[in-house]
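Visitor: The structure under discussion is supplied below as structure tokens; questions concerning it will follow.
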Amino acid sequence: MAFKSNRQYFLNPRLSLVALVWLCAIYVTESATPIHIRGEVGGNVTFHCPDEKKEDVQFFYFQTNDTFVNGYYDSKDLRTYGPIWENTRVDHNEKTVDMYRLNISHSRVYECIIQYKDGSLSTKSISLSVTANYSKPTVTKSCEDGSSCLVTCVSYGGYPGTEVMWNIPVSENTSGQLWKVVNNSEVPNPSTMMYNSFSTAYFNCSKGELTYLSCSVGDVTSDMFSVCKPKVVHGIYNPVIITAICAVVAFVISIVALLLWRKYKKRPTGALAVDVKHGQSVKEEEIALSIKEEGERHPEC
Ligand SMILES: *[C@@H]1O[C@H](CO)[C@@H](O)[C@H](O)[C@H]1NC(C)=O
Ligand SMILES: *[C@@H]1O[C@H](CO)[C@@H](O)[C@H](O)[C@H]1NC(C)=O
Ligand SMILES: *[C@@H]1O[C@H](CO)[C@@H](O)[C@H](O)[C@H]1NC(C)=O
Ligand SMILES: *[C@@H]1O[C@H](CO)[C@@H](O)[C@H](O)[C@H]1NC(C)=O
């Protein structure tokens with residue numbers, strides 16, 4: 001009997017594959033238009049194999065290229081005959097395969113092969129692409145005394161490799177060669193196969209500050225940033241410094257005024273003060289007070 005001899009092949013998944021290729025060549029009942037499904041690194045997917053709602057399945061095979069992934073023969077788990085992928089589960093009733101803890105190396109074309117006891121065979125190809133989301137890009141700037149800036153944009157851990165794009169407002173874009181991309185690179189991590197994406201751009205500061213700039217990797221975008229800020233903004237005109245200077249000036253004037261006021265106030269109370277001098281000292285006291293008041297008004301600057 002044909003199936004008896006085939007059965008011997010199934011004792012060894014590798015040999016059984018040879019048998020399957022041979023069977024496929026003869027009995028293919030469904031021309032397999034590949035189906036595409038997507039998953040994310042660390043996530044799960046479910047493969048839906050053809051289900052003709054027949055009870056009498058001889059074997060169910062789920063494989064990729066020459067690698068057996070999971071399946072059963074006569075309802076019996078095939079793991080005793082060889083290694084299965086431990087991150088997969090087969091549902092015998094629904095003819096589905098769940099795959100867990102996805103990583104980039106699971107991006108492949110898989111095949112379901114179902115042999116029924118009546119001799120008919122169903123196959124289906126399903127291609128899985130596993131993607132990974134890039135981190136939000138971060139920006140570092142290094143500027144040369146206000147004449148130019150180099151800005152580097154970095155985003156980590158994505159798949160597939162994606163170039164950094166610079167989002168520069170049209171107004172900055174059209175006004176001459178104020179910026180250009182210096183380099184771009186996507187560096188794969190050999191163990192996770194995910195990419196880190198880098199780009200460095202040069203900005204010419206001759207037209208002053210450039211604002212509302214950002215960079216993107218795929219659909220994730222950095223915070224807005226600006227370059228070529230005039231240096232003076234950070235210098236003496238800084239509001240904090242202005243306030244501090246005002247406070248010190250006001251304080252010094254107040255002290256001086258207070259000392260003057262005390263000094264002239266004492267004189268007329270002295271026993272020998274003459275009327276003329278007294279009148280004069282009142283005037284001086286008024287002057288001293290008005291200086292003091294001015295000093296107190298000063299903090300507003
Ligand atoms: C994947 O499946 C496992 C087991 O069912 C579950 O615990 C986990 O939350 C799932 N992960 C995602 C990202 O759906
Ligand atoms: C890109 O250019 C910057 C500035 O010239 C440099 O520091 C960096 O190393 C370059 N990166 C690559 C990957 O070439
Ligand atoms: C992906 O996961 C499998 C187990 O499911 C593991 O054997 C393999 O090394 C992993 N590959 C990567 C690139 O992480
Ligand atoms: C910066 O741009 C100005 C014109 O806007 C140009 O004259 C100058 O040469 C540029 N500088 C550099 C270093 O490219």
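Visitor: Taking the Cα centre of region 72-118 as the origin, how large is its charge dipole in debye, to the nearest 20, when only Lys and Arg (+1) and Asp and Glu (-1) carry charge on their Cβ atoms?
Guide: Roughly 140 debye for region 72-118.
Visitor: Only four residue types carry charge here, +1 at the Cβ of Lys and Arg and -1 at the Cβ of Asp and Glu. Report the dipole size of region 72-190 about the Cα centre in Debye, rounded to the nearest 20.
Guide: That gives a dipole near 200 debye.
Visitor: With label points built 7 Å along Cα→Cβ from the Cα atoms of Ser127 and Asn65, find their separation and express it in nm.
Guide: Result: 1.5 nm between the two label points.
Visitor: So, one more: Taking 8 Å as the Cα distance limit and 6 or more residues as the minimum spacing, I'd like the relative contact order of region 70-191 as a percentage.
Guide: This gives 13 percent for region 70-191.
Visitor: Here's something else I'd like to know. If the chain between Val256 and Ser185 were fully stretched, how many nm would it gain, using 0.36 nm times the residue separation less the Cα-Cα distance?
Guide: Between Val256 and Ser185, full extension yields 19.0 nm more.
Every number here is computed from the coordinates shown, using simple stated rules; none is lab data. None of these values were measured; they are calculated from a predicted model. Cβ: placed from backbone, ideal geometry, glycine included. Neighbour counts: every protein chain shown.
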